[in-house]
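One structure is given below, encoded as structure tokens.
The values are calculated or read from the model by the stated rules, or taken from the named source; none is laboratory data. These numbers come from a predicted model, not from an experiment. Heads up, the Cβs are rebuilt from the backbone with ideal geometry, glycines too, and the neighbour counts pull from every protein chain shown.
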Amino acid sequence: MPGVAAHADHLRRIRESSEIMAAKGVPGTYEDLRRTLMRESGGDLDTTNGWDANAQNGTPSEGLLQVIQPAFGACHVAGTPRGVRRGTAPVTVTVSVTWPQVPIVQP
């Protein structure tokens, strides 16, 4: 589990992603993002899923919302940093790509 400074940084990233999403018309709130982020990675920016089918095929899910590199590269959202472990970017990519099929607003 990340320390206090890392936690504050994650909250900032969620806020930034929420602002970018709102500007691009992608639904979801700060709280929706925070809840999903904690469910996916426990707030650990450096987490890597080494056990699922993606990992077995050589492309593990990484970062706060467990994004695979090919999806991140193909769906990068302008206005966010490049890099799957650069907080704001993978959060925004994940939400902007998946919300039509899997809305971020989930219990």
Identify, please: which residue in segment 25-39 is more than 13 Å from the chain's Cα centre (by Cα) and of a type in the set (Val, Ile, Thr) and is, among those, modelled with the highest pLDDT? Thr29
Which of the numbered conditions does Gly43 fail, given that it passes all the others? Conditions: (1) at pLDDT 75 or above; (2) in a helix (DSSP H, G or I). (2)
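Residues are listed down the side, and each one gets a yes or a no for (1) touching a Lys or Arg at 6+ places or on another chain (Cβ under 7 Å); (2) at pLDDT below 80; (3) surrounded by 14 or more Cβ atoms within 10 Å (Cβ to Cβ):
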residue	(1), (2), (3)
Ala53	no, no, no
Gly63	yes, no, yes
Phe72	no, yes, yes
Cys75	no, yes, yes
Gly79	no, yes, no
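Go through segment 3-40 residue by residue and tally those that are among the aromatic types (Phe, Trp, Tyr) and assigned to a loop (DSSP other than H, G, I, E, B).
Kept after step one, since they are among the aromatic types (Phe, Trp, Tyr), are these residues of segment 3-40: 30.
With assigned to a loop (DSSP other than H, G, I, E, B) added as a condition, the list becomes none.
Qualifying residue count for the region: 0.
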